[in-house]
Amino acid sequence: MKIEHVSLYTRDLARARAFYETYFDGIAGALYHNPKTGLQTYFLSFADGARLELMTRPELAETAEGMRVGWAHLAFSTGSREQVDGLTARLRADGYSVVSGPRVTGDGYYESCVLDPDGNTVEITV
């Protein structure tokens, strides 16, 4: 069994799509739009076959900041410490918030964590 895809609501579909395409090499499929509900989505595919569905809809509500029950982060493996360092530096230079690292964590991961345009944590690992 495998995870087929993970979905993520965003306030700005184009901005989120550009973020995951630019920094994580996602390839977006065609825009889906349901005119009855206003739902719009893109599926982004990644090199290992994983997919991320970005979704938005007109009535999308604000959510509380900080820790909450639910998904904690999305992690991408780069393949090397140098790539973790380079991508983290690139995101920082482009104005994204780096919330931790790069560092070795207590459980042995070499990682950094950044926030996507909607404030979701994205973990960058080896």
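Below, the figures for the structure above:
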{"quantity": "Looking only at the stretch 1-39, and only at residues there that are in a loop (DSSP other than H, G, I, E, B) and in contact (Cβ under 8 Å) with a residue 60 or more places away in the chain, the one that is farthest from Gly86 (Cα to Cα)", "calculated": "Arg11"}
{"quantity": "Failed item in (1) surrounded by 11 or more Cβ atoms within 10 Å (Cβ to Cβ); (2) at pLDDT below 95, with Ile3 passing the rest", "calculated": "(1)"}
{"quantity": "Of residues in the stretch 24-40 being more than 14 Å from Thr56 (Cβ to Cβ) and at pLDDT 95 or above, the one surrounded by the fewest Cβ atoms within 10 Å (Cβ to Cβ)", "calculated": "Ala30"}
{"quantity": "Tally of residues being among the charged types (D, E, K, R) and under 15 Å from Leu115 (Cα atoms) across the stretch 71-93", "calculated": "2"}
{"quantity": "Those residues of the stretch 6-23 which are open to solvent by 60 Å² or more (accessible area, probe 1.4 Å), within 17 Å of Ala75 (Cα to Cα) and either of a type in the set (D, E, K, R) or touching a Pro at 6+ places or on another chain (Cβ under 6 Å) (or both), in sequence order", "calculated": "Arg17"}
{"quantity": "Those residues of the stretch 78-96 which are open to solvent by 60 Å² or more (accessible area, probe 1.4 Å) and more than 15 Å from Tyr20 (Cβ to Cβ), in sequence order", "calculated": "Arg81, Glu82, Gln83, Asp85, Arg92, Ala93, Gly95"}
{"quantity": "Among (1) in a strand (DSSP E or B); (2) touching a Pro at 6+ places or on another chain (Cβ under 9 Å), the one test that Leu54 misses", "calculated": "(2)"}
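The values are calculated or read from the model by the stated rules, or taken from the named source; none is laboratory data. Because the structure is a prediction, the values reported are computed rather than measured. Reconstructed Cβ throughout: ideal geometry from the backbone, glycine too, with neighbour counts over all protein chains shown. When the accessible area is computed, the model is the full protein with side chains, heavy atoms only, and any ligands, DNA or RNA have been set aside. Shrake-Rupley method; radii C 1.70, N 1.55, O 1.52, S 1.80 Å.
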